[in-house]
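Chemist: Structure in C-alpha cells, see below.
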Amino acid sequence: MGNNSIPKTMKALVLPEPGKFEVREVAVPEPADGEVLCRIRAVAICGSDPEIIRGDLAGFWPPFYPFIPGHEWAGEVVALGKGVHTFKVGDRVAGQAHKGCGYCRRCMEGSYNICENYGKPETGHRHYGFTHNGAYAQFNAYSIRSLTLLPSHISFKEGALVDTSGVVMHGMELTGITAGGTVVVIGPGPIGLIAMRMAKALGASKVIAVGRRDRLKVAKELCADEAVDFEKTNPIEAVKALTNGLGADEVFECSGAAGTMLQAVYMVRRGGKVGLLGVPEGKVADPIPTRYVVSNEISIYGSKANPNVSPKIVNLVATGNLKLKDLVSHTFPLEQFAEALDTFVSRKGCALKVVLEPNGKE
C-alpha cells in the first residue's frame with residue numbers, strides 16, 4: 001500500500017480563484033480503491049488549459065476552487081490502492097483525462113468520454129484536470145481505467161502526448177481513413193501535425209495542410225505533402241486544384257476557428273467525410289449548407305477526447321509508426337509555469353507542445 005519515499009506534501013500548480021495561479025505546497029493525495037498514486041514526470045500544456053486558468057468556464061471547468069488543472073501526462077506508479085492487481089509500483093504509465101461512471105448506457109457501450117453521469121463525482125465519474133484535480137503536480141491519484149503501460153524506450157515527454165494523439169485517433173476511427181486516399185488537415189498546430197502523421201500511419205497516401213505562417217512551414221517540413229496558405233489563396237479552390245477538382249476523401253478541422261467547418265464541407269469529395277477535432281470557442285457557430293451536405297452525402301463527425309485508443313497510440317509510437325518526440329518544442333520545471341504558459345499561448349520560438357517536468361528532468 002504505502003511507500004516510505006513518498007512525501008506528505010508536494011508542489012502543485014493551484015488555481016486559488018478564476019484568473020489566478022500559483023505554485024504552492026499541498027498534501028499528496030491517497031489512492032482510493034481501484035486507484036494508484038503516480039509520480040508525474042511530464043505534463044503537456046493543452047489548448048484548453050489557458051481557458052480553464054483564465055476562469056472562462058468557472059463553476060463547470062473547474063467546478064470548485066482551489067483546483068489543480070492539467071491532463072496530458074505520463075509518469076510512474078509509486079503506490080497502490082486496494083484491489084489493484086494489474087499495476088505494480090515502478091510501472092511507467094501514460095494517462096488519459098476521462099474515467100466514466102462505468103455503468104451508464106454510454107459507458108457500457110465503451111463511450112465513457114460522453115458518460116451520462118459527467119461531472120457527478122459520487123457516481124465514480126472523473127475528468128482529471130477539468131472536474132477533478134489533475135496533473136500539474138508532483139503526484140496525483142488515478143483510476144487504473146485511465147492508465148496505459150508505457151514501454152521503457154518511450155520517454156515520459158512522448159508519453160505526455162499519448163492523450164493528445166488519442167484525440168486524433170478517436171476522430172479518425174469515427175470518420176475512417178481511405179486507403180491510398182487524400183486527407184486535408186486544417187490547422188497545423190500540435191493536433192493538426194499529429195493528424196497529418198496519423199493519417200499516413202492509417203493508410204492515406206497524400207496529406208494537404210491548410211494554415212499560415214510559421215506553423216504551416218513546420219507542417220511542410222515535418223509531415224505534409226502539400227501546404228495551402230489561406231492568407232495567400234482561397235483554400236477551397238486550392239484543395240480542389242490539388243485533387244483534380246474532386247476534393248479530398250477526408251478533411252479534419254483541427255483549429256476550432258470560425259468558418260473552417262464550412263470550408264471543410266466544401267473541400268471534401270462527394271461522399272466525403274469531415275472530422276471535427278478542434279474545439280471552438282462557445283461563440284463560434286458555423287452555418288451548415290444543409291442542401292449541399294444532403295445532395296453530396298457528406299458526413300460530419302463530432303469527436304470528443306480519446307476513448308479506448310491509448311494502447312494503440314503507445315503501440316504506434318513504440319514501433320516507430322508515429323513520431324512524437326520532435327513535437328515537444330519546450331520543457332520547463334513546474335516552478336516556471338508562468339513562463340511555460342506564456343511560451344505556449346504566445347507561440348514563442350514557434351512553440352508546439354510545451355511540457356512541464358514537476359519532478360525534474362528524465
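Chemist: Give the number of residues within the stretch 116-147 that are under 18 Å from the mean Cα position of the chain (by Cα) and buried (at least 20 other Cβ atoms within 10 Å of the Cβ). Working first, answer last.
Modeler: First, the residues of the stretch 116-147 that are under 18 Å from the mean Cα position of the chain (by Cα): 126-136, 142, 145-147.
Filter again for buried (at least 20 other Cβ atoms within 10 Å of the Cβ), leaving 126-136, 142, 146-147.
Adding up the residues that qualify gives 14.
Chemist: Residue by residue through the stretch 57-66, note down the ones that are touching a residue at least 24 places away in the same chain (Cβ under 8 Å) and surrounded by 15 or more Cβ atoms within 10 Å (Cβ to Cβ).
Modeler: Answer for the stretch 57-66, where residues must be touching a residue at least 24 places away in the same chain (Cβ under 8 Å) and surrounded by 15 or more Cβ atoms within 10 Å (Cβ to Cβ): Ala58, Trp61, Pro62, Pro63, Pro66.
Chemist: Tally the residues that are under 13 Å from Gly189 (Cα atoms) and part of a helix (DSSP H, G or I), restricting the search to the stretch 211-242.
Modeler: Start the filter on the stretch 211-242 by keeping residues that are under 13 Å from Gly189 (Cα atoms), which leaves 211-220, 222-224.
Still in the running and part of a helix (DSSP H, G or I): 213-220, 222.
So the answer is 9.
Chemist: Kindly provide the set of residues from the stretch 279-297 that are of a type in the set (Val, Ile, Thr) and within 24 Å of Asn113 (Cβ to Cβ), ordered by number.
Modeler: Val279, Val284, Ile288
Chemist: How about the stretch 12-27: which of its residues are surrounded by fewer than 19 Cβ atoms within 10 Å (Cβ to Cβ) and either in a loop (DSSP other than H, G, I, E, B) or in contact (Cβ under 8 Å) with a residue 40 or more places away in the chain (or both)?
Modeler: Pro16, Glu17, Pro18, Gly19, Lys20, Val23, Val26
Chemist: When the stretch 221-265 is examined, which residues are found to be among the aromatic types (Phe, Trp, Tyr) and surrounded by 20 or more Cβ atoms within 10 Å (Cβ to Cβ)? Steps first, answer last, please.
Modeler: Initially, the stretch 221-265 is screened for residues among the aromatic types (Phe, Trp, Tyr), giving 230, 252.
Residue satisfying the conditions is Phe252 alone.
Chemist: So, one more: Is it the case that Tyr103 is over 22 Å from the mean Cα position of the chain (by Cα), over 16 Å from Gly34 (Cα atoms) and part of a loop (DSSP other than H, G, I, E, B)?
Modeler: No; evaluated as a whole, the condition is false for this residue.
Chemist: Just one of Pro69, Pro50 is in contact (Cβ under 8 Å) with a residue 60 or more places away in the chain, buried (at least 24 other Cβ atoms within 10 Å of the Cβ) and not charged (D, E, K, R); which is it?
Modeler: Pro69
Values quoted throughout were computed directly from the atomic coordinates according to the rules given, and no laboratory measurement underlies them. In this text, all values refer to a predicted model and were calculated from it rather than measured experimentally. Please note: Cβ atoms are built from the backbone with ideal geometry, for glycine as well, and neighbour counts cover all protein chains shown.
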